[in-house]
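J.: Structure below; questions to follow.
The values are calculated or read from the model by the stated rules, or taken from the named source; none is laboratory data. Since we're looking at a predicted model, the values are computed, not measured. Please note: Cβ atoms are built from the backbone with ideal geometry, for glycine as well, and neighbour counts cover all protein chains shown. All accessible areas refer to the heavy atoms of the entire protein, side chains included, with ligands and DNA or RNA removed. Shrake-Rupley method; radii C 1.70, N 1.55, O 1.52, S 1.80 Å.
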Amino acid sequence: MTDQGGRKVKIKRKGYGVVFTILSCIAALAVTLSVVAAYISSTVTVTSNNGETISVFVSDIERGEVGFEDSELFNMLLRDAAADITRMNVIKNQMETDGIFDADKPIDIVKYANRTDDYEVSTSDVEDVNVEYRLDDLIKWEDNGYDVIPVTGTDAQISAYFYSLTEGVRLESGAYEGDVEHFSSDELLYGEYFPSPDEKHDDEEIYTDYLLIERYKTSDNRKLEDIAANRREYKTLVRDLILAAKDLGVNYSEYMQYEGRYSAQNTNVLYCYQIKNSDGKMMRYNNISGKTDNLGSLSGDEINKIFTGMTKYVCFDPAKLQTATNIDGLNSIDMRELIRRYDYSFTDGARIWIGFDGSYEVADAFSRAKTMYNSNREWFVPACAAGIASAAIYLILLVIMTLQAGKVSVTDEEGEKTVKIMPLKVDRIPIGILAALVFLVFCAAFGAAETIWYETGDMMRGDSGNLLVFTLWGVTAVLFNAILIPLYLIFVRKIKCKLIWETSLTKLILNKIGKLILSVYDNGKVVVRVWLPYLLFLAFNLVLVLLGAGGIFIAFLADLVVGYLLYKDAKTRNDIVDGISRISDGEISHKIDTKKMHGDNLALAGAVNSIGDGISKAVATSMRDEKMKADLITNVSHDIKTPLTSIINYVDLLKRENIENEKINGYVEILDQKSQRLKQLTDDLVEASKISSGNIALTIEKINFVELINQSLGEFSEKFLEKDLKTMISLPTEPVNIMADSRAVYRVVENLYNNIYKYALEGTRVYVDMMTQDNRVSLAIKNISADPLGINVDDLTERFMRGDSSRKTEGSGLGLSIAKSLMEAMKGSFELSLDGDLFKVVIGFDRV
């Protein structure tokens, strides 16, 4: 491929990316396995008596300082057991009579269904009604489901239908019955099949209500339709029946599961619950009857003594909110929260005693937890060390990959190698899509981690499950690291190559909108370009302001954007004005950048650039003409010099002949003068041409400026005496060195002296002053002109310009021009000034 300069280059990407990605996957695998190993080694996981899995992190420091009975693990197990035992005894109080399951136990469905605030059911019409069913009938009813008859009609028709049922009168209600349907309790309570007693309907609305087919009758052999006084009361009683049967069915299933779970032979947790049953009789449920005689005849204080003598205990009086305990997790607040759902059972006189037998006579969850708590966790420290080391290696690899991302080796045609940052094709993915991919990968990673965590929780103990756990976590870590690292490197290359904004969806959309707006702006008339955007923006602001504070804030941001665009427009105009100024100052090659301009600014900038191009062409034409003129002068001068040399030579031969005719001698003298003048003129023309074309060769060296001036004055002293010109010299006594070409400096001074000789007023003074200041040396030469100087001082240094417009004196008009050009070529200064008839020239050099 070729670079920006058009040269052919070879690009080679280093293959370190794949290697480092593989190494990072290995490091991620090591980190993950170390964390899992540390967790397994430091976490005690035990299954409580009710089947709940409890996991607690236990550090080596905690094991050394805190005993098992004072640990968080013990408190969690005991709280879990206390909650389970509380529910068990509440259910036993519902199911049993004198400690034995009573299938014939009467259950008042109204009181039972509304014993808590769990159900929002209006019972104001039936709360004084006593409706009792056998416990066994309600449980079987819930197990078998509910048969109902759908009744369809208007509200008046259905009300008349239920009136005929409750009053025992057969009326033609107009409602019609459908086929028998079967539902579960949840479908009737929470579905759309069984309208609420308080549900309202329009008079003409036709809907369906349901009549319960009563599988069992009440304890006094009645049906609900016989008990209810009206339709609303009937529906309320049906709902209470379903609520009571549903709850009792669930409780019975749990009751059967509790069988023997907390007997003294299966647990080290001992308890005694004193609860009042439905008959108002105080009952005691416990598992220490085998350890203590006549528990039923003991007072509360005596039972307190029994439990406070145990290793851990809690004695709670719900009515008085009094608690005696040595367990951190079972204080008064904890116990109150424990029985909050069962307030209906823990009325006045209720008591709770829970204790823990620290002898661990029974092999239960507590004994297993204690063994695990006190066991040696030899893998924790090595796993932590390995995890830290692996994490450090992973970070180092990540830093290296970050630094190396995008680097390529570029070899040009000469074989020179350079390292550059270049993106890949995949880096053109918009940042929004990249962010979405990263988000999806993270979501998938968290979902996989959560699934593994919950699905392998029971495997976190024992060697048999650890292999699978390590495999699942390891594969997950490697897989997601292999996906995330390339995505991360794409993001890094985007930052290095400045592609975040360039490849964003936002920029793509804004570019499309911008191009549409600019198309209208560039091609539309003034009214379309100015008034239409203004009115649209005004309407946009008005709509946002009407939306409230949020809209005002958005309008404020929009105004900032518009302000920025106006600033850019003003800056563009300023650039155009600056370009015009630079072109007017002579920088005709300057071009105004029109890449980001539109509309009037684009047209104006294009016109300015065209003017610059026109001026450049004119200047180029002028320079070409000037060069042609210089070439013509040079060629003509060279062509003249050949015959002129012959003329000078023959004149010289004639002068050597002894010609006695004075008249002929006079002619020869005139020929000699004019040929010498013509020779000087051609020499000046050639030199001026060389200087203007830059072909003159200068030898810059250190010279003594004072000595050179003295020498030149000595050579011109006789000529100055011819015109009675008195030289007033002021030169330093010590040498003054400058860096210049001695021949060129002498030619400058010679031209100035010749100019004085030709144009100075006879009998006047000529001043030659040399001054030094800081690191600068200046030579000032002044004289009085013989003729008035009615000419611009700047024109005197132009070629072929002479001080006497009548051209009475001899001269080419090139002396001052050559002098000025030579001074500029030697990086010196040449200043000429006129003050009346006073002619002054100052030349300057840097002093060495």
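J.: Would you list Arg336, Arg747 from the most to the least accessible area, probe 1.4 Å?
T.: Details: Arg336 85, Arg747 45 Å².
Order by accessible area, largest first: Arg336, Arg747.
J.: Quick one: which residues, 5+ away or cross-chain, put their amide H under 5 Å from the amide H of Lys312? H built at 1.01 Å from N.
T.: Those lying under 5 Å, H to H, from Lys312 are Phe356, Gly358.
J.: How high is the FRET efficiency between Lys200 and Tyr344 when r is their beta carbon distance and R₀ equals 35 Å, given to the nearest 0.05?
T.: Numbers: r = 32 Å, r/R0 = 0.91.
E(calc), rounded to 0.05, equals 0.65.
J.: Give me D for segment 233-370 in µm² s⁻¹, whole number, from Stokes-Einstein with Rh from the Kirkwood sum over alpha-carbon pairs, 25 °C and 0.890 mPa s.
T.: Values: Rh = 16.9 Å.
The calculation lands on 145 µm²/s.
J.: Express in nm, to one decimal, how much length is gained between Val636 and Leu547 on full extension, taking 0.36 nm for each residue of separation and deducting their alpha carbon distance.
T.: Once the chain is fully extended between Val636 and Leu547, it gains 23.3 nm.
J.: Could I ask something else about it? Between Thr699 and Ile396, what is the label-to-label distance in nm when each label sits 7 Å out along the Cα-to-Cβ direction?
T.: 6.8 nm
J.: Once fully extended, how much extra length lies between Glu707 and Ile388, figured as 0.36 nm per residue of separation less the alpha-carbon to alpha-carbon distance? Display every interim value, and only then the final one.
T.: Numbers: separation 319, 0.36 × 319 = 114.84 nm, distance 8.47 nm.
Roughly 106.4 nm would be gained on extension.
J.: Also, quick follow-up: Can you tell me the relative contact order of segment 298-405? Whole percent, Cα pairs under 8 Å, sequence separation 6 or more. All intermediate terms of the calculation are to be shown ahead of the outcome.
T.: Working: 87 pairs, mean separation 26.2, N = 108.
Taking the mean separation of contacting Cα pairs over the length of segment 298-405, I get 24 percent.
J.: Be a star and scan segment 138-154 for residues whose amide nitrogen sits under 17 Å from the point 7 Å along the Cα-to-Cβ vector of Val180.
T.: Hits in segment 138-154 for Val180 at 17 Å: 141-151.
J.: Pairs to check: Lys111/Lys281; Lys507/Lys568; Lys758/Lys782; Lys663/Lys723; Lys571/Lys596. Give those whose C-alpha atoms are more than 23 Å from each other in this structure. Kindly include the intermediate steps, with their values, before the conclusion.
T.: Values: Lys111/Lys281 17 Å; Lys507/Lys568 18 Å; Lys758/Lys782 14 Å; Lys663/Lys723 27 Å; Lys571/Lys596 12 Å.
Violating the 23 Å limit, Cα to Cα: Lys663/Lys723.
J.: Which distance in nm do the two modelled labels at Leu479 and Val250 give, with both placed 7 Å along the Cα-to-Cβ direction?
T.: 3.7 nm
J.: All other residues with a Cβ under 12 Å from the Cβ of Asp102 taken together, and with Lys, Arg as +1 and Asp, Glu as -1, what is their net charge? Let's see the in-between values first.
T.: Working: positive: Lys92, Lys105, Arg134; negative: Glu96, Asp98, Asp104, Asp136, Asp279.
Local charge sum for Asp102: -2.
J.: Using only protein heavy atoms and a 1.4 Å probe, report how much of Thr418 is accessible, in Å² to the nearest 10.
T.: 50 Å²
J.: If you take the beta carbon distance between Leu468 and Glu52 as r and set R0 to 22 Å, what does 1/(1 + (r/R0)^6) give as a FRET efficiency, to the nearest 0.05? It would help to have the intermediate numbers written out before the result.
T.: On the way: r = 22 Å, r/R0 = 1.02.
The calculated FRET efficiency here is 0.50.
J.: Shifting gears a bit: In Å², what does the accessible area per residue of segment 701-765 work out to with a 1.4 Å probe?
T.: Details: 3350 Å² over 65 residues.
I get 52 Å² per residue for segment 701-765.
J.: Just to confirm, what accessible area per residue do you get for segment 301-410 at 1.4 Å probe, in whole Å²? Don't jump to the answer; show the numbers that get you there.
T.: On the way: 5640 Å² over 110 residues.
Value returned for segment 301-410: 51 Å² of accessible area per residue.
J.: Compute the separation of the alpha-carbon centres of segment 757-789 and segment 284-343 and state it in Å as a whole number.
T.: With segment 757-789 and segment 284-343 each reduced to a Cα centre, they are spaced 127 Å.
J.: Ranked highest first by average number of other Cβ atoms within 10 Å, how do 403-409, 235-241, 647-653, 130-136 line up?
T.: Working: 403-409: 16.4, 235-241: 24.0, 647-653: 13.9, 130-136: 19.3.
Final packing ranking: 235-241, 130-136, 403-409, 647-653.
J.: Continuing with this model, one more query. Report the extension gain between Lys305 and Val441 in nm, rounded to one decimal, defined as 0.36 nm multiplied by the number of residues separating them, less their alpha carbon distance. Display every interim value, and only then the final one.
T.: Details: separation 136, 0.36 × 136 = 48.96 nm, distance 6.07 nm.
Result: 42.9 nm gained on full extension.
J.: Moving on to the next point. Show me 269-279, 317-327, 343-353 ranked by packing, highest mean number of other Cβ atoms within 10 Å first. Write out the running numbers ahead of the final one.
T.: On the way: 269-279: 19.7, 317-327: 15.8, 343-353: 17.9.
Output ranking for 269-279, 317-327, 343-353: 269-279, 343-353, 317-327.
J.: Sticking with the crude label model, points 7 Å out along Cα→Cβ, report the distance from Asp613 to Ala449 in nm, one decimal please.
T.: Spacing of the two 7 Å Cα→Cβ label points: 6.3 nm.
J.: State, as an integer percentage, the relative contact order of segment 235-318 based on alpha-carbon contacts under 8 Å between residues 6 or more apart. Write down the numbers at each step before the final one.
T.: Details: 43 pairs, mean separation 11.7, N = 84.
Once normalised by length, the contact order is 14 percent.
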